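Asks: I have a structure I would like to understand better, so I am pasting it below and will then ask my questions one at a time.
The values are calculated or read from the model by the stated rules, or taken from the named source; none is laboratory data. Since we're looking at a predicted model, the values are computed, not measured. Every residue, glycine among them, receives a Cβ derived from its backbone with ideal geometry; neighbour counts consider all protein chains shown.
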Amino acid sequence: MRKSGRIVGKFSRGVSCDPERVVAFLRSRHPTKMPEAVEADTGIAAATVRKWPASAPSFAAFLRLVGAYGPELLCACMEAPPAWLDDAARRERRARVTAQIADLSNLLEQDSA
């Protein structure tokens with residue numbers, strides 16, 4: 001059954017995804033030109049992304065977001081994510097930051113050579 005723009009069922013009563021949290025996550029990832037960056041990452045039109053602060057992404061769009069941003073997005077949009085999902089998000093974040101550190105180290109090595 002539908003309530004306040006969210007689908008609520010017997011299984012999902014304690015688990016929901018807040019659209020405002022989705023937008024906040026995307027803005028944290030892309031502080032400037034968020035709609036354009038999301039379009040580049042997902043293929044979802046920037047014009048569609050601009051509408052999300054007023055209305056939630058469609059299910060199909062949300063699946064594309066999950067495909068691009070993974071468990072970190074899911075954790076960010078849930079009030080109390082399950083432990084297994086939180087662990088997956090932490091591993092993904094660690095891998096992303098480790099790759100960024102490696103890229104920066106390579107730049108430093110190139111500058112000093």
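Asks: Under 9 Å between Cβ atoms, at least 6 apart or on separate chains: pull out the pairs that start in the range 49-61 with a residue that is in contact (Cβ under 8 Å) with a residue 12 or more places away in the chain and end on any residue that is hydroxyl-bearing (Ser, Thr, Tyr).
Replies: 49/42; 57/48; 61/42; 61/48
Asks: Also, I was wondering about something else. Restricting to the range 50-65, name every residue that is surrounded by fewer than 16 Cβ atoms within 10 Å (Cβ to Cβ) and not in a loop (DSSP other than H, G, I, E, B). Talk me through it step by step, then tell me what you get.
Replies: Step one: of the range 50-65, the residues surrounded by fewer than 16 Cβ atoms within 10 Å (Cβ to Cβ) are 50-51, 53-55, 58-60, 63.
50, 59, 60, 63, listed by residue number.
Quick grid of which residues meet (1) under 15 Å from the mean Cα position of the chain (by Cα); (2) at pLDDT 95 or above; (3) over 13 Å from residue 22 (Cα atoms):
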| residue | (1), (2), (3) |
| --- | --- |
| 57 | yes, no, no |
| 67 | yes, yes, yes |
| 85 | yes, no, yes |
| 107 | no, no, yes |
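Asks: Give the residues of the range 51-66 that are touching a helix residue (DSSP H, G or I) at 6+ places or on another chain (Cβ under 6 Å) and of a type in the set (Gly, Ala, Ser), sorted by residue number.
Replies: 56
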